[in-house]
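As structure tokens, the structure follows; a few thoughts come after it.
The values are calculated or read from the model by the stated rules, or taken from the named source; none is laboratory data. Values in this document were obtained by computation on a predicted structure and should not be read as measured data. Cβ: placed from backbone, ideal geometry, glycine included. Neighbour counts: every protein chain shown.
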């Protein structure tokens with residue numbers, strides 16, 4: 001008598017486990033693809049500065065991009081009061097869009113890098 | 001949503017981080033690892049105290065694990081009743097729970113940091129399978145120390161790469177978790193196949 005194929009036996013008797021295994025493998029493929037894309041993107045942009053985000057503080061930006069915090073704060077008009085304030089908060093206090101403030105910071109960092 | 005929460009970090013710092021790690025241990029969808037990286041960056045910049053930040057993240061995570069374990073434990077009686085009922089499924093269940101009691105500490109430790117997406121569920125299972133409390137607590141605390149140190153460390157050391165690093169890390173964690181689940185299921189299926197073959201031989205004889 002021919003022995004039934006293993007996959008057939010398992011599908012016949014353990015359908016839920018087989019479906020779960022299939023889902024886990026699909027997820028694994030999904031994450032592999034995404035990981036590869038993100039990795040390649042990262043390697044391509046390694047030398048470029050990642051975006052400055054509105055939730056970052058002046059201190060964070062200064063630390064991450066090795067620029068004296070005081071310089072950045074002076075530029076933003078708040079040399080005494082920079083600690084812990086996010087860029088969003090500073091922009092709000094100065095009544096201007098945070099994107100404008102970030103663009104200014106980017107310009108300064110660009111200059112420092114050169 | 002994540003960005004707004006991140007913006008609260010410099011102001012609410014350690015307590016907020018502790019709350020987030022606590023919730024993440026209970027399977028709530030909060031990106032705790034991301035927050036620890038950001039907190040590491042703030043700490044390195046001098047906007048948050050480093051020691052206090054680590055301690056808060058650790059405390060939140062350990063308390064979250066304990067709550068998850070206790071929730072699982074409250075369902076332990078129900079599992080025991082099914083086990084005592086007898087039959088094929090009850091036997092499989094009791095094998096699974098006794099395996100968890102013997103080796104669960106490794107699963108708890110690894111699912112704190114390397115396989116972190118599985119962490120909350122491992123807490124529930126550990127409680128439900130009656131893994132001994134001291135064993136669970138030691139594995140949970142050591143694993144959480146690894147988790148917190150790794151992410152706060154990455155955040156502090158690579159603050160400039162934050163925007164690129166996080167997607168890569170989260171994909172890798174997802175991949176590792178999916179592969180682990182697939183491996184466990186495949187091992188289980190292999191075991192079932194062997195049982196089928198044994199039974200088949202017996203029947204034929």
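Restricting the search to segment B:83-115, which residues are touching a helix residue (DSSP H, G or I) at 6+ places or on another chain (Cβ under 6 Å) and part of a helix (DSSP H, G or I)? Matches in segment B:83-115: B:83, B:90, B:93, B:94, B:104, B:105, B:107, B:108, B:109, B:111, B:112, B:113. For segment A:32-67, a residue qualifies if it is over 14 Å from residue B:44 (Cβ atoms) and touching a strand residue (DSSP E or B) at 6+ places or on another chain (Cβ under 7 Å), and the qualifying residues are A:54, A:55.
Considering (1) under 28 Å from residue B:179 (Cβ atoms); (2) surrounded by fewer than 18 Cβ atoms within 10 Å (Cβ to Cβ), the lone condition that residue A:70 does not fulfil carries the number (1).
Just wondering, is there one or more residues in segment A:72-83 that are facing another protein chain (nearest Cβ under 9 Å) and either under 26 Å from residue B:35 (Cβ atoms) or out of contact with any helix residue (DSSP H, G or I) (no Cβ under 9 Å at 6 or more places or on another chain) (or both)? Yes.
Given (1) assigned to a helix (DSSP H, G or I); (2) more than 8 Å from chain B (Cβ to nearest Cβ); (3) in contact (Cβ under 8 Å) with a residue 24 or more places away in the chain, where does residue A:88 come up short, assuming only one miss? Here residue A:88 clears every test but (2). Test each condition in (1) surrounded by fewer than 23 Cβ atoms within 10 Å (Cβ to Cβ); (2) away from chain A (no Cβ under 11 Å); (3) outside any loop (DSSP other than H, G, I, E, B) for residue B:57 and report the one that comes out false. So the condition that residue B:57 fails would be (1).
When B:189, B:183, B:199, B:165 are screened for being surrounded by fewer than 16 Cβ atoms within 10 Å (Cβ to Cβ) and modelled with pLDDT under 95, only B:199 passes.
Only residues that are buried (at least 22 other Cβ atoms within 10 Å of the Cβ), more than 16 Å from the chain's Cα centre (by Cα) and part of a helix (DSSP H, G or I) were counted in segment B:25-53, giving 10. Please go through segment A:21-65 and give me each residue that is at the interface with chain B (Cβ under 7 Å from one of its Cβ atoms) and within 16 Å of residue B:174 (Cα to Cα), ordered by number. Within segment A:21-65, A:21, A:24, A:25, A:27, A:28, A:31, A:32, A:34, A:35, A:38, A:39 qualify.
Report yes if residue A:101 is in contact (Cβ under 8 Å) with a residue 12 or more places away in the chain and closer than 22 Å to residue B:6 by Cβ, otherwise no. So residue A:101 fits the description; yes. Residue under question is residue B:129, and the condition is that it be crowded, with 19+ Cβ neighbours inside 10 Å, more than 24 Å from residue B:54 (Cβ to Cβ) and either in contact with a helix residue (DSSP H, G or I) (Cβ under 8 Å, 6 or more places away or on another chain) or modelled with pLDDT under 95 (or both); does it hold? Yes, satisfied.
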